[in-house]
1. Does any residue of region 87-99 turn out to be within 17 Å of residue 128 (Cα to Cα) and assigned to a loop (DSSP other than H, G, I, E, B)?
2. Spot the failing condition for residue 186; the list is (1) on the phi < 0 side of the Ramachandran plot; (2) touching a residue at least 24 places away in the same chain (Cβ under 8 Å); (3) crowded, with 20+ Cβ neighbours inside 10 Å, and only one is missed.
3. Restricting to region 133-151, count the residues that are over 17 Å from the mean Cα position of the chain (by Cα) and either surrounded by 24 or more Cβ atoms within 10 Å (Cβ to Cβ) or not in a loop (DSSP other than H, G, I, E, B) (or both).
4. Among the candidates 503, 448, which residue alone is surrounded by fewer than 24 Cβ atoms within 10 Å (Cβ to Cβ), in contact with a helix residue (DSSP H, G or I) (Cβ under 9 Å, 6 or more places away or on another chain), over 22 Å from residue 242 (Cβ atoms) and not assigned by TED's automatic domain parsing to the domain that holds residue 597?
5. Mind checking whether some residue in region 612-627 is out of contact with any strand residue (DSSP E or B) (no Cβ under 9 Å at 6 or more places or on another chain), more than 19 Å from residue 572 (Cα to Cα) and in a helix (DSSP H, G or I)?
6. Would you confirm whether or not region 517-534 contains a residue that is under 17 Å from residue 144 (Cα atoms) and within 26 Å of the chain's Cα centre (by Cα)?
7. Any residue at all in region 651-667 that is touching a helix residue (DSSP H, G or I) at 6+ places or on another chain (Cβ under 8 Å), at pLDDT below 95 and outside the structural domain of residue 443 (by TED's automatic domain parsing)?
8. Please determine whether any residue of region 341-362 is surrounded by fewer than 24 Cβ atoms within 10 Å (Cβ to Cβ), assigned to a loop (DSSP other than H, G, I, E, B) and at positive phi.
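The values are calculated or read from the model by the stated rules, or taken from the named source; none is laboratory data. Keep in mind that this is a model prediction, so the values were computed, not measured. Cβ placement follows ideal geometry from the backbone for every residue including glycine, while neighbour counts extend to all protein chains displayed.
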């Protein structure tokens, strides 16, 4: 896990190295161990490094021995050892033990198709000096982030938007369509972002820039056609074998690897597999809540006792969430509809304080193997739609959400209206997600013009239709729901707004065995009846986990990870809380000043929340969404102040030497082991 930045001038104007360094300085939190920059005439590449593989030799940006290819890379290629041996057999010579150098030689061998050989999580850029071509790629499932601005005279890219904003020529402004997407889908639909002119490379895509032309294409897409040759026993065995190998690959590291324990099945099975695969003592980390409605510490401790890990528990209260929420939004770089990222931000901070850089987590299991309540909800709604006048069928929905007291009190008529089980909804390709998207869409009523106008410019969900693959209509209803969850919420919220982005804020790398592309492809082919048996979610995974996880965890009802929301900022009428920044950001004056929302509507909502009259998820999401948008405008648009690069020293990228560090080993990056220059700069001596 690192940070990357870069600029390419289409007209061959030389790059100012100070700008590359300034951009990289904004994301030093992603890679606090080292930093480097390369300037080669019209192209500049920057890097901030979190040292995990080949601590001495893996510095970046890195070049092949003749300097014809340069790379800046964020992520891990987990099968780099196997690829390294294969490339050596094809005649390539390596100067380091790093996975970064494997990318260079793989690109040299296979060109753009190199990404098809990688098992990992990545965002990288390769500068092909001979062909004057820039090549960028993002991993298949969107674990690593990559943003860009495609201008008429230049192309900029970075791991985070704030690095792009460090360029004085870049002025961030909210994109009304992107904001409307967040208030519907909880995220934008890549390549759109919430910032005008800033794009996100979608998961499973590559991009090239050559002669001023920008092209992007998709290189990977799962196929959800079930494999009729599978039987349940064999599928269970194959799933466990794949998951075990995915965990084993993700233990490759030159620094210790820890694990998150949420108390659920997914993190429990990954932690159990780690204990089976290594004799190294395992340290685990978890969030516990003072509020019993959200706390899962009993199950976490149960797993700790079984595995005998050295466990670290971070106990979270309302004040913790409200205190860090501005930083959470700053690192997420988009509005948030939930406070759930905040405890994970705090947990990652605790992990870093314990001296860890790498954690294995269970994200992705619900998307790959059918674990979310949404999948059960869609199944019940279809069952109810067959007999819409049935009162008993609708009551099944209450069984899905025992942790939502407001829902338990509702009538069948309310349930039918909210969950949309009419025949017209059954015809929608988005049937599974309509209740969630319509609930989120209520937030748009708070928007001011012109943001409301931007949302009126298209039919509902037309933007989402554009991302549907041609085969979508032929998939089962369950598979369609899985695709929507994996293509939208997983990269855009679960990773980019919550788990991975909160880890990178503290220089922590998350590793996700369930997002191994081999497992994702296998899971897509599993018949839906084995993913959800009746209303038992992740049936096949539970079968595979039988000997690894205590029965109580195996059979416990699914409880999604949640955190206190509006109550974290305002408390209750009996125990009110006061938070200065929340009061300021939600004040009528500041709402009017930033111009995104209607002051009167926001004032009514805040009064409703303070008085304890908030109505469940709808009002909580509205409050958090409005507050986070205000913070985003405040921190990244109105009052953004770039961190100034305070590093010293420079180096020359020529044919013979790097100043101050002796003869260069291009395969080892721009610096040598023992080099004390805090921010290395490499400049082409003939064209720079």
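1. So far as region 87-99 goes, no, none of its residues is within 17 Å of residue 128 (Cα to Cα) and assigned to a loop (DSSP other than H, G, I, E, B).
2. (1)
3. Keep residues of region 133-151 that are over 17 Å from the mean Cα position of the chain (by Cα), which gives 133-136, 149-151.
Right, trim to either surrounded by 24 or more Cβ atoms within 10 Å (Cβ to Cβ) or not in a loop (DSSP other than H, G, I, E, B) (or both) and you get 133-136, 149-150.
Selection size over region 133-151: 6.
4. Working: 503 fails: surrounded by fewer than 24 Cβ atoms within 10 Å (Cβ to Cβ).
After applying the criteria, what remains is 448.
5. To start, the set of residues in region 612-627 that are out of contact with any strand residue (DSSP E or B) (no Cβ under 9 Å at 6 or more places or on another chain) comprises 612-625, 627.
Narrowing the set further to residues that are more than 19 Å from residue 572 (Cα to Cα) leaves 625.
When the remaining residues are screened for being in a helix (DSSP H, G or I), the result is 625.
Yes, region 612-627 has at least one match.
6. First, the residues of region 517-534 that are under 17 Å from residue 144 (Cα atoms): 517, 520.
Imposing the further condition that a residue be within 26 Å of the chain's Cα centre (by Cα) reduces the set to 517, 520.
The answer is yes; a qualifying residue exists.
7. Going residue by residue through region 651-667, those that are touching a helix residue (DSSP H, G or I) at 6+ places or on another chain (Cβ under 8 Å) are 667.
Narrowing the set further to residues that are at pLDDT below 95 leaves 667.
The next check asks that each one be outside the structural domain of residue 443 (by TED's automatic domain parsing); those that pass are 667.
There is at least one residue in region 651-667 that is touching a helix residue (DSSP H, G or I) at 6+ places or on another chain (Cβ under 8 Å), at pLDDT below 95 and outside the structural domain of residue 443 (by TED's automatic domain parsing).
8. Yes: one or more hits.
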